[in-house]
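Asker: Before we start, here is the structure in question, set down as structure tokens.
The values are calculated or read from the model by the stated rules, or taken from the named source; none is laboratory data. Keep in mind it's a predicted model, so treat the numbers as computed, not measured. FYI the Cβ positions are ideal-geometry reconstructions off the backbone, even for glycines, and counts take in every protein chain you see. Areas reflect the complete protein model, heavy atoms only, side chains present, ligands, DNA and RNA absent. Shrake-Rupley method; radii C 1.70, N 1.55, O 1.52, S 1.80 Å.
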Amino acid sequence: MFESLQDGLGSALKSLRGQGKLSEANMRDGLKLIERSLLEADVSYEVTRTFMSRITEQAVGEAVLKSLKPSEQVVGIVYKELVDLMGPVDHSLHLKGKDEVTVLMMCGLQGSGKTTTCGKLGRMLISRDRKPLLVAADLQRPAAIDQLHVLGEQIGAPVFSDRTTQDPVAVCNNAVKEAKKLGADTVILDTAGRLHIDDELMGQLGRIDKRCSPDQVYLVVDGMTGQDAVNSAKAFNDALELDGVIMTKLDGDTRGGAAISVKEVTGVPLKYMGVGEHLENLEEFHPDRMAGRILG
Ligand code: GDP
């Protein structure tokens, strides 16, 4: 079993690299390894099939087989196709002018890193001379309100919360109304998460979406959860029409498979990625860098 997509693709391509002159049969064997490693790295079956048919068509072509360095050509083809699958990426948060209030709605399953990412985004916005307001709309988990206040203090941003209500729609709506008075130009709504997607959560998020009309809706997914991240991206996108996905926990030994599938399955680009627990660990998502990392 391959430990990761990187290892899997790495060894598949190494076996191709070892071959001086390739026959179509050699090439097809090598490509089978690539296919297996994609599936083992949690790239969905449909995505893998589409990917492989594009790769195969090019890789078994006369030009590649007869070239002096066929394996390098295949590596190039795989790289380019991976980049194409994950891109193009628009890193802009589509913020309005500072005299208006831009509302960013953050959603995601519990534990995905949503609250932490709200803090990271707030920090990034401050560094870009914006004035964020963090809004504690995760009323399911009382600790989430405290967590957001701590993050707000760390980055030097105000936090809007209301412990007297159990109505997250009212909290978000009041926060957006108060934003101007609090001197904020960008509102970040930290909405509720659940361990699993359920109708109640989607209903609640749908009501916030309708009432507050956020300018951008971003989903936070845990990159370590593989196919589950892809499934949740699909469900959230069906319910909310996402503008972007932020994939967390891409530091360490995470599989790249989810990053490949999310864009293909939802059509929504990954914009940013979380690469650690600290507030500065938020990076723009670059398909070329991710493809390079996957290929090792
Ligand atoms: P929420 O339930 O979705 O709001 O999740 P939290 O923001 O509370 O994060 C859950 C855990 O994941 C916390 O321990 C965070 O420190 C951790 N976490 C969040 N983002 C990252 C990341 O990019 N990398 C790593 N390694 N940990 C992260």
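Asker: Stretch E62-E280 to full length: gain in nm at 0.36 nm per residue minus the Cα-Cα span?
Answerer: 73.6 nm
Asker: Using a Gaussian network model of the chain with C-alpha springs under 10 Å, which one of T50, T102, T117 is most mobile by mean-square fluctuation?
Answerer: T50
Asker: Can you give me the Cα centroid spacing of segment 186-220 and segment 102-134 in angstrom?
Answerer: Spelled out, the Cα-based centre of one part sits 13 Å from the other.
Asker: Averaged per residue, what accessible surface does segment 123-218 expose to a 1.4 Å probe, in Å²?
Answerer: Spelled out: the 1.4 Å probe surface of segment 123-218, per residue, equals 48 Å².
Asker: Still on this model: So if we plug the beta-carbon distance of E178 and A143 into 1/(1 + (r/R0)^6) with R0 = 30 Å, what FRET efficiency do we get, rounded to 0.05?
Answerer: On the way: r = 23 Å, r/R0 = 0.78.
The pair E178/A143 has a calculated efficiency of 0.80.
Asker: At 20 °C and 1.002 mPa s, grab the translational diffusion coefficient of the chain from Stokes-Einstein with a Kirkwood Rh over Cα pairs, rounded to a whole number in µm² per second. Please report the intermediate quantities before stating the final value.
Answerer: Values: Rh = 20.2 Å.
Stokes-Einstein gives a translational diffusion coefficient of 106 µm²/s.
Asker: Work out how much length K210 to S23 would gain on full extension: take 0.36 nm times their residue separation and subtract the Cα-Cα distance, in nm to one decimal.
Answerer: Difference between extended and current length: 61.5 nm.
Asker: I would also like to ask the following. Given points 7 Å out from each Cα along the Cα-Cβ axis, report the A170 to D129 separation in nanometres with one decimal.
Answerer: Reported label-point gap for A170 and D129 is 4.0 nm.
Asker: Most fluctuating residue of P269, P142, P88 in a GNM of the chain with Cα springs under 10 Å: which is it?
Answerer: Most flexible of the set in this elastic network: P142.
Asker: Which of L279, L65, L85 moves the most in a Gaussian network model of the chain with Cα springs under 10 Å?
Answerer: Of L279, L65, L85, the most mobile in the Gaussian network model is L65.
Asker: How about segment 102-142: which trypsin sites (Lys or Arg not before Pro) there are in a DSSP loop, with at most 16 other Cβ atoms within 10 Å of their Cβ?
Answerer: Passing both the DSSP loop test and the Cβ count: R128.
Asker: Follow-up question, since we're still on this one. To the nearest 10 degrees, how steep is helix 168-179 against the longest Cα principal axis of the chain, on a 0 to 90 scale?
Answerer: Orientation of helix 168-179: about 80 degrees from the principal axis.
Asker: Output the relative contact order of segment 72-230, whole-number percent, from Cα pairs under 8 angstrom with separation of 6+ residues.
Answerer: RCO, segment 72-230: 36 percent.
Asker: Summarise the accessible area of the chain (1.4 Å probe, protein heavy atoms) by the percent that is carbon and sulfur.
Answerer: Looking at the chain in its full context, I get 49 percent from C and S.
Asker: Principal axis extents for segment 210-277, Cα atoms only, whole Å, descending order, please.
Answerer: Result, largest extent first: 39, 24, 15 Å.
Asker: Additional query: Which ³J(HN,Hα) values in Hz, rounded to whole numbers, follow from the phi angles of segment 187-196 under the Karplus curve 6.51 cos²θ - 1.76 cosθ + 1.60, where θ = phi - 60° and Gly and Pro get x?
Answerer: 9, 10, 8, 8, 7, 6, x, 9, 5, 9
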